[in-house]
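All remarks here apply to the structure that follows.
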């Protein structure tokens, strides 16, 4: 059965056209500002991407307000970040690519021309691949403040299969000097987790006093998942101590970290494979997920505190069927070590320490740290939080009923 022509209620989608990477999510003024790669009025990807722009008071309800960057002739505006200095306008750092040869880009700048961030103007300056580097990719600048100056990370991958993060330093956000390799790892290394030959969207953040390098795994024109390393960062160099995988399933990619207005560290993703069956829009963004460290691992929590259901919680036990109105939040606990829920074409099984999700002949698994699973069900997408990682999958078919087997099930319509 085809998906109903209903937009997700809580997950951002563009008014029309294609979206992928979320960019530069920032609390500014009295709203969150979200940027995203956008191909307006076209449901398929095109390298001549724009930077779309949306605003929200609460990270859930978004209003699209036009494009912050529109590509000039002969370019595409790819992923990057936003820096907000104390003594000047906000600055976008984006990857400028040639649509006919887009593997290796350059970093360009644009400054806000108004306090609402509706108008942006290109500024002179460019950051390029360091001389002598032979690469298959160079893109996705991430800029952060450090010691009365600024650091920039740019993701890439060498032709020998080594994933690389390049580092740059600036005192004024205008003049940048190359400072060397921040981190790297060969694709041949697979334990405890494989991290590919290119790191897209690399970002370095502090979580609970620990340094975390997080990135999206790419190799040979294929996107995989979000991975990370916990370690030590000093003077432009990151030394990994542990490696981990943050996401599972077919949807999550291009994670973008941010601080919410309360200062909590969070991440938001592009959701692949989530679209309008009528072709009006393609791609969605995940709900924000809050990050913490636990037992030497990066842990992910759903957005408790911002979801506020306006309908009573439905409780059930054993097995049965309940009526469902989306979006909804589901909490379920295993019965005798096993639990199962079915909605539309999607079936999820919880058994011992593994979650398995099946849909339309495909199957994905994810490790679990508890027998208590939280799920956000929205039109076209389901996000599972089994801890410490997350899994998302498209949601198809008739979603009016939920079949379950669980020792305890709680349903909260949102």
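Coordinate range of the alpha-carbon atoms in the chain per principal axis, descending: 63, 43, 39 Å. Spacing of the modelled spin labels on residue 292 and residue 322, each 7 Å from Cα toward Cβ, amounts to 2.5 nm. If you run the Gaussian network model on the chain, springs between alpha carbon atoms under 10 Å, then out of 178, 166, 228 the most flexible one is 178. The separation of region 237-296 from region 1-64, counted between C-alpha centres, amounts to 14 Å. Using the Cβ-Cβ distance between residue 314 and residue 362 with R0 set to 41 Å, the FRET efficiency works out to roughly 0.90. Between 211, 78, 270, the GNM of the chain built on Cα springs shorter than 10 angstrom shows 211 fluctuating the most. Modelled label positions at residue 239 and residue 123, each set 7 Å beyond Cα in the direction of Cβ, lie 3.5 nm from each other. Projected label points at residue 147 and residue 72, each 7 Å from Cα along the beta carbon direction, are separated by 3.4 nanometres. Taking 111, 208, 98 as the candidate residues, the one with maximal mean-square fluctuation in a Gaussian network model of the chain, Cα springs under 10 Å, is 208.
Using only alpha carbon pairs under 8 Å that are at least six residues apart, calculate the relative contact order of the chain and give it in whole percent. Averaging sequence separation for qualifying contacts and normalising by length gives 14 percent for the chain. If you take the Cα centroid of region 328-407 and the Cα centroid of region 86-129, the two points sit 40 Å apart.
With a Förster radius of 41 Å, plug the Cβ-Cβ distance of residue 191 and residue 100 into 1/(1 + (r/R0)^6) and report the FRET value to the nearest 0.05. Before the final figure, lay out the partial values.
Numbers: r = 39 Å, r/R0 = 0.95.
That gives a FRET efficiency of 0.60.
Show me 327-334, 137-144 ranked by packing, highest mean number of other Cβ atoms within 10 Å first.
Put in order of decreasing packing, that is 137-144, 327-334.
Bear in mind that the values in this text are calculations on the coordinates, not laboratory data. Source: prediction; values computed, not measured. Positions of Cβ are generated from backbone atoms using ideal geometry, with glycine treated the same way; all protein chains shown enter the neighbour counts.
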